[in-house]
Amino acid sequence: MFKRSTPGQIRLGRHNLAGDGQADLVHHGGVDKAVCAYPSEHWLYWRGILPPHRLTGGAFGENFTLEGLTEADVCIGDVFSAGTAVVQISQPRQPCWKLARRWQIKDLAVQMERTGFTGWYFRVIQEGTVEPGAPLQLMERPCPEWTVATANRIMHHERNNLAAAEHLSLCPLLSASWQQTLRQRCHNQAGPDPQHRRFGTTHSSSSSF
């Protein structure tokens, strides 16, 4: 969660960047969540909530801090070249309590969901090397109807829109975990507890960091 900038080229493999890793492999990581990306455009908003001097690359635990792309600009299934690697958007990020603990703001994950400023995940289609300042070049957009912003809205804000949930769940390039959650919703089955993800194991109103 505590990232720092890395100068020069770094290897991007199927599961993560060289030297990086996920501590909780039950809820994080895997081929659909190999790389976390976050738009620096959102820093302007967060400066009113978080210490401005700490809003730098990796501030939200992301691997790629981006400029020029937000959730409204990219779609599930978008394929980008990144250095010599090729990556594909798999799902929006679902922020968790670990990010909230880092910033000592208990409801930070909830705030990120509410604003839609979540960032997203890439799966790695082709391993290669990446480096700071290199451009992401869009190579393919197979699902233009499914922006990351739209997927966020259906998952977090339109929970009763079962038709939209079913439609999104049929997107073959959406991560397997999101497909499963949406299908459970459509069949009135209990999905993952969002409060556990947002606040951790003790998410009572009196809990604190």
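The values are calculated or read from the model by the stated rules, or taken from the named source; none is laboratory data. If you're wondering where the values come from, they're calculated on a predicted model, not measured in any experiment. Quick reminder, even Gly has a Cβ in these numbers, built from the backbone with ideal geometry, and neighbours come from all protein chains shown. To get the accessible areas, we keep the full protein, side chains included, count just its heavy atoms, and leave off ligands, DNA and RNA. Shrake-Rupley method; radii C 1.70, N 1.55, O 1.52, S 1.80 Å.
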Notebook entry, point to check: Checking residue 183 against (1) closer than 23 Å to residue 85 by Cβ; (2) open to solvent by 30 Å² or more (accessible area, probe 1.4 Å); (3) at pLDDT 95 or above, which test does it fail?
Noted result: (1)
Notebook entry, point to check: Could you list, in sequence order, the residues of region 66-86 that are open to solvent by 50 Å² or more (accessible area, probe 1.4 Å) and of a type in the set (Val, Ile, Thr)?
Noted result: 84
Note to self: So the check is Cβ under 7 Å with 6+ separation or different chains; which pairs have a first residue in region 145-160 that's assigned to a helix (DSSP H, G or I) and a second one that's at pLDDT 95 or above and open to solvent by 30 Å² or more (accessible area, probe 1.4 Å)?
What the structure shows: 149/72; 154/161
Notebook entry, point to check: Somewhere in region 46-65, is a residue open to solvent by 60 Å² or more (accessible area, probe 1.4 Å), without any contact (Cβ under 8 Å) to a residue 40 or more places away in the chain and in contact with a Leu (Cβ under 7 Å, 6 or more places away or on another chain)?
Noted result: yes
Check: Identify, please: which residue in region 160-180 is farther than 30 Å from residue 124 by Cβ and out of contact with any helix residue (DSSP H, G or I) (no Cβ under 7 Å at 6 or more places or on another chain) and is, among those, modelled with the lowest pLDDT?
Finding: 160
Next item on the list: Name the strands (runs of 3 or more DSSP E) wholly inside region 1-120 in which the number of residues that are within 24 Å of residue 178 (Cβ to Cβ) is 3 or more.
Entry: 35-39, 64-66, 79-82, 85-92
